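Here's the structure, in structure tokens; my notes come after.
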Amino acid sequence: MGIKVTLRSYIISRILLTIPMIFILLTMVFVIVRVLPGDPVLLHFEKMENPQAIEEMRVKLGLNKPIWVQYFDYLSGLLRGDLGKSMQDFSSVSEQIFSAFPATLELAIFSMIIAVSIGIFLGVEASKSYNKPKDHAIRVFGIVTYAIPVFFLGMIFQIIFGVTLRWLPVGGRTYPTMEPVGLKIPLTQPPGGFAAHLLLSCIAGLVPATLGFILLKMKGKKITRKILGLLILIFSATWILWAGLGWHYISMSELRIATGLYTVDSLLEGNLYKFAEALRYLFLPSLTLGLVLSGVFVRLTRSNMFETLRLDFVTAAKARGLKETTVIYGYAFRNAFLPILTMMGLQFAALLAGAILTETTFSWPGLGRYIVDRINFRDYTAIQGAVVFFGILVSLVSLVVDLLYAYLDPRIRL
């Protein structure tokens with residue numbers, strides 16, 4: 001009970017610390033983007049218009065107000081979940097961000113897979129061959145990959161694999177007419193209309209209520225009026241929710257499931273050719289970013305494995321005649337993995353927020369390129385919205401990593 005209370009308080013404290021961090025980040029960005037040279041109104045017109053049109057646009061964007069009024073107006077909108085409208089095309093910033101985010105997420109996932117696979121494998125191999133030529137070669141590889149600029153490595157790969165060999169595309173996510181649409185399920189109304197659909201939907205409410213009842217009986221709990229009321233509430237809520245959502249999609253005649261990740265959506269669509277094309281376009285930017293990040297995991301894995309391999313329990317495992325692979329990965333690596341797990345989470349968060357150079361080099365339509373474009377237009381609202389989104393995202397990933405660390409190592413939460 002004490003451990004649960006301690007872990008709960010740790011979670012609450014981490015969440016409370018996240019709120020002022022995001023507030024400070026937002027305030028800094030709000031001030032910095034307005035200090036930088038450039039006027040979004042003049043950039044909107046591109047050419048000098050009459051002063052009346054410029055002033056009308058300034059009033060429409062709210063830039064005629066004092067800066068402290070603009071700040072509190074933006075905060076009030078943010079508290080309502082509104083990231084505002086773009087100062088260039090007046091479209092919703094939230095829609096723009098969520099439209100570009102899947103591309104960044106897909107790039108980050110595949111880059112992290114490459115970085116972790118290469119980094120951990122080479123780090124383990126280096127620790128097994130400590131101070132030998134193999135170890136020195138892997139250390140040099142780790143230093144070089146970590147030090148090389150990501151845009152330079154990306155351009156080298158573009159020249160070799162895209163221009164010279166013509167094996168892989170050098171930019172974009174796929175052909176303009178090849179975007180996967182995900183899974184489409186045609187829906188038809190039942191013969192009895194909404195009444196029949198409502199009646200059939202009661203099955204959806206019975207399932208969780210029945211499972212809850214069975215679980216309580218297995219634990220030997222007595223079904224009191226309070227518990228019976230809770231089960232009825234679960235049944236009713238699930239029934240109504242299922243009936244409402246189901247009828248909504250039935251009225252649309254189609255249920256579409258799409259994630260925005262081209263590799264996933266092409267598989268949902270069942271089109272292997274689109275899946276192969278999505279991988280072709282994804283390979284070069286993922287390899288570039290993954291190789292640069294792999295140097296961190298090479299050095300971290302090598303140093304932790306080197307210390308773990310010399311501990312007594314590893315020596316005892318070797319003395320029992322276990323296979324080297326079992327000793328390395330079954331015993332030593334499991335104990336050396338905790339700091340690697342932490343680094344994986346932090347690097348993944350950094351990937352989501354810092355893939356700007358890679359996205360720009362490969363014309364990858366993600367959030368990185370979106371921010372660069374918005375900065376060029378001095379689109380204050382879009383820049384602030386993207387930074388707030390990144391800040392919340394990085395904070396959530398860091399929070400999950402901290403909680404995993406605290407769960408795996410109880411000493412952290414004491």
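You will find that of K47, K4, K60, K65, the residue that is at pLDDT below 75 and either at positive phi or outside any helix (DSSP H, G or I) (or both) is K47 and no other. If only residues of segment 113-141 that are part of a helix (DSSP H, G or I) and of a type in the set (K, R) are counted, the one that is surrounded by the fewest Cβ atoms within 10 Å (Cβ to Cβ) is K134. Taking the condition part of a loop (DSSP other than H, G, I, E, B), surrounded by 13 or more Cβ atoms within 10 Å (Cβ to Cβ) and not basic (K, R), does P176 pass? Taking the combined requirement at face value, the residue does not satisfy it.
Scanning segment 160-178 turns up one or more residues that are of a type in the set (K, R) and under 27 Å from S363 (Cα atoms). Is there any pair linking a residue in segment 11-37 that is within 16 Å of A382 (Cα to Cα) and free of Cβ contacts under 8 Å to residues at least 24 places away in the same chain to one that is surrounded by fewer than 12 Cβ atoms within 10 Å (Cβ to Cβ) and of a type outside the set (D, E, K, R), with Cβ under 6 Å and at least six apart or on different chains, and which? The qualifying pairs do not exist here.
Cβ-Cβ contacts under 7 Å between residues 6 or more apart (or on different chains), taken from a first residue in segment 221-241 that is within 27 Å of A196 (Cα to Cα) to a second residue that is part of a loop (DSSP other than H, G, I, E, B), are listed as W239/S201.
So, in segment 86-112, how many residues would count as being closer than 17 Å to V387 by Cα, touching a helix residue (DSSP H, G or I) at 6+ places or on another chain (Cβ under 8 Å) and outside any helix (DSSP H, G or I)? Residues flagged as closer than 17 Å to V387 by Cα, touching a helix residue (DSSP H, G or I) at 6+ places or on another chain (Cβ under 8 Å) and outside any helix (DSSP H, G or I) within segment 86-112 amount to 2.
When Y262 is tested against (1) hydroxyl-bearing (S, T, Y); (2) assigned by TED's automatic domain parsing to the domain that holds A137; (3) surrounded by 20 or more Cβ atoms within 10 Å (Cβ to Cβ), only condition (2) is not met. The residues of segment 350-374 that are surrounded by fewer than 21 Cβ atoms within 10 Å (Cβ to Cβ) and more than 14 Å from A100 (Cβ to Cβ), listed by number, are A350, G354, L357. Only one entry in G330, G290 is in a helix (DSSP H, G or I) and under 30 Å from I148 (Cα atoms), namely G290.
The values are calculated or read from the model by the stated rules, or taken from the named source; none is laboratory data. What you see is a predicted model; the values in this text were computed from it and never measured. Because the Cβ atoms are built from the backbone with ideal geometry, glycine has one as well, and the counts that use them run over all protein chains shown.
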